[in-house]
């Protein structure tokens with residue numbers, strides 16, 4: 001059990017570090033959008049790259065903070081009925097939903113995202129705009145972000161299963 005605890009703590013640490021690191025993407029997005037607004041409004045010289053770069057950074061941010069959000073129980077949940085249940089029932093509900101919706105679904109998204117990114121890398125895909133940035137590095141965030149989310153969901157599943165087995169509810 002001690003080794004399992006260390007693995008679960010490592011997953012939490014990875015999710016937290018990645019989430020906090022990628023949260024700085026928001027500052028970068030704000031700075032480049034501000035730059036574009038100043039260039040467009042004050043100098044009548046709009047940029048051709050800010051929209052695409054901010055769009056890509058937002059996508060990377062969104063994907064890479066998903067595990068951190070899950071670690072902090074920040075994903076949307078509907079507590080109208082759930083909050084009324086006893087702890088044991090909540091654990092059963094969480095185990096079922098984490099197995100079916102989180103672990104299976106994010107597993108599918110990791111696999112599909114990996115295939116999607118691999119295809120993009122294979123053709124060195126670029127955007128179809130005049131700026132034409134490469135898309136393949138950004139598409140790599142899809143399987144990576146979902147893999148971190150999958151690990152965090154697996155950690156939650158294991159912790160809940162352990163609580164149920166030990167009767168800690």
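Read-outs: derived from the displayed coordinates by stated rules, not from any lab. Please read all numbers here as calculations on a predicted model, not as lab measurements. Cβ sites come from the backbone with ideal geometry, for glycine too, and all protein chains shown count toward neighbours.
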In a solvent-free Debye calculation with one equal scatterer on each Cα, what is log10 I(q)/I(0) for the stretch 74-169 at q = 0.23 Å⁻¹, listed in the order of the q values? -1.11
How many angstrom lie between the C-alpha centres of the stretch 87-125 and the stretch 38-81? 21 Å
If you average the sequence gap of Cα pairs under 8 Å that are 6 or more apart and divide by the length of the stretch 79-169, what percent do you get for the contact order? 37 percent
Taking 7 Å along the Cα-to-C-beta vector as the label spot, tell me the residue 73-residue 136 distance in nanometres, rounded to one decimal. 4.3 nm
Using a Förster distance of 41 Å, how high is the FRET efficiency between residue 4 and residue 115, based on the Cβ-Cβ distance and rounded to 0.05? 0.85
Compute the Rg/Rh shape ratio of the stretch 118-169: radius of gyration over Kirkwood radius, all on alpha-carbon atoms. 1.40
Listed with the fewest Cβ neighbours within 10 Å leading, 136, 169, 98 appear as 169, 136, 98
For the stretch 2-166, averaging the sequence separation of alpha carbon pairs under 8 Å that lie six or more residues apart and dividing by its residue count, the contact order in percent is 30 percent
Cβ crowding within 10 Å averaged over residues, with 41-47, 151-157 ranked highest first: 151-157, 41-47
Going by alpha carbons, how many degrees (0 to 90, nearest 10) lie between the helix axis of 87-97 and the longest principal axis of the chain? 50 degrees
Compute a Gaussian network model of the chain, connecting alpha carbons closer than 10 Å, and tell me which residue from 145, 122, 59 fluctuates the most. 122
For the pair residue 123/residue 41, report the inter-label distance in nm, with labels modelled 7 Å from Cα in the Cβ direction. 3.9 nm
Using alpha-carbon coordinates, inclination of helix 2-23 to the longest axis of the chain, degrees: 30 degrees
Spherically averaged projected area of the chain from its Cα convex hull (nm²): 12.7 nm²
Let's test the formula: R0 of 22 Å, r as the Cβ-Cβ distance of residue 103 and residue 24. What FRET efficiency results, to the nearest 0.05? 0.15
